[in-house]
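The values are calculated or read from the model by the stated rules, or taken from the named source; none is laboratory data. Since the structure is predicted, the reported quantities are computational estimates derived from the model, not experimental observations. For neighbour counting, all protein chains shown are included, and Cβ atoms are generated from backbone atoms with ideal geometry for every residue, glycine included. For the accessible areas, the whole protein counts, side chains as well, though only heavy atoms, and no ligand, DNA or RNA atoms are used. Shrake-Rupley method; radii C 1.70, N 1.55, O 1.52, S 1.80 Å.
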Amino acid sequence: MDNTMQARTPVGYIRGMAAVSVLSALVACSGNEPGSESRQSEQSAGEPQSSRTAAQAESGDASDGGTGNASSDNETAQASESSDSSDEADTNLASDCSFDVDVGDNLQYSVSQITVPADCSEFTLNLAHTGNLPANAMGHNWVLVPEGDGLDIARAGSSKGLEGDYLADDDRIIAATEIIGGGESTSITFSLDGLEGDYTYVCTYPGHAAAMRGTFTVRS
Ligand code: ZN
């Protein structure tokens, strides 16, 4: 925090110096011009006078702006510090060792993250398709795989067809529901033995896995 303040201070200082140098340059110009006092007095109501007041006005604005910027920088720093205590992302805690996930006529799970207590011996996922499109047009499933393996396993399942629930014969698949269409629901119950940390769930319907993915966390 102190480093930030120290880093900001020279900036404000440099701004102030720039304003001063501009002012001195203006003063130098106006000081050179009036070689004869009579000309200056003749034109006192004219341009030199107005330009000088303009310069004074500018210098006033510059110094005010300098201090104004410095204080607003401080306010910004304080605001950002206080905003650091923003809420953490909600965790969808499956406190009763089960969780309901909805899908519809789009490529989206109702949640992108599920946390399961590690003391659950089993976990049940209930998948409901609240859309209208049939399984052969907008089918969805819920397939749990090791973190990062979702796209690969979904791609491998595309050749299995709807009859095979687009599920590859892959030992990495931890749990999987069938493919369901609009108005249908299904569920899968599986053991959590040996599971800890983060996993990925995906829909293996062709083309869905890139968007339909989430994180499944087993946490003690
Ligand atoms: Zn899907």
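Odds and ends about this structure:
- The single condition among (1) within 16 Å of the ligand (Cβ to nearest atom); (2) outside any strand (DSSP E or B) that Thr186 does not meet is (2).
- Glu178 vs. criteria away from the ligand (no atom under 15 Å from the Cβ), under 27 Å from Ala118 (Cα atoms), in contact with a strand residue (DSSP E or B) (Cβ under 7 Å, 6 or more places away or on another chain) and assigned by TED's automatic domain parsing to the domain that holds Ala128: no
- Within segment 189-220, restricting attention to residues that are surrounded by fewer than 18 Cβ atoms within 10 Å (Cβ to Cβ) and β-branched (Val, Ile, Thr), the residue that is nearest to the ligand (Cβ to nearest atom) is Thr215.
- Where a residue in segment 145-167 is assigned by TED's automatic domain parsing to the domain that holds Tyr199 and its partner, wherever it lies, is of a type in the set (Lys, Arg) and assigned to a loop (DSSP other than H, G, I, E, B), with Cβ under 6 Å and at least six apart: Val145/Arg172; Pro146/Arg172; Asp149/Arg172
Listed here are the residues, each with its yes/no results for (1) modelled with pLDDT of 95 or more; (2) in contact with a strand residue (DSSP E or B) (Cβ under 9 Å, 6 or more places away or on another chain); (3) part of a loop (DSSP other than H, G, I, E, B).
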residue	(1), (2), (3)
Ser82	no, no, no
Thr91	no, yes, yes
Leu107	yes, yes, yes
Val116	yes, yes, no
Phe123	yes, yes, no
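- Entry remark, segment 98-133: residues being free of Cβ contacts under 8 Å to residues at least 60 places away in the same chain, open to solvent by 40 Å² or more (accessible area, probe 1.4 Å) and either under 19 Å from Ala211 (Cα atoms) or more than 15 Å from the ligand (Cβ to nearest atom) (or both) number 6 in total.
- Hey, Gly131 modelled with pLDDT under 95 and either at positive phi or assigned to a loop (DSSP other than H, G, I, E, B) (or both) or not: no
- Of the residues in segment 149-158, none is open to solvent by 20 Å² or more (accessible area, probe 1.4 Å), part of a loop (DSSP other than H, G, I, E, B) and farther than 26 Å from Gly194 by Cβ.
- Selection from segment 145-189 of residues that are of a type in the set (S, T, N, Q) and closer than 19 Å to Phe99 by Cβ: Thr177, Ser185, Thr186, Ser187, Thr189
- Qualifying residue in segment 160-172 (condition: open to solvent by 50 Å² or more (accessible area, probe 1.4 Å), in contact with a strand residue (DSSP E or B) (Cβ under 9 Å, 6 or more places away or on another chain) and at pLDDT 95 or above): yes
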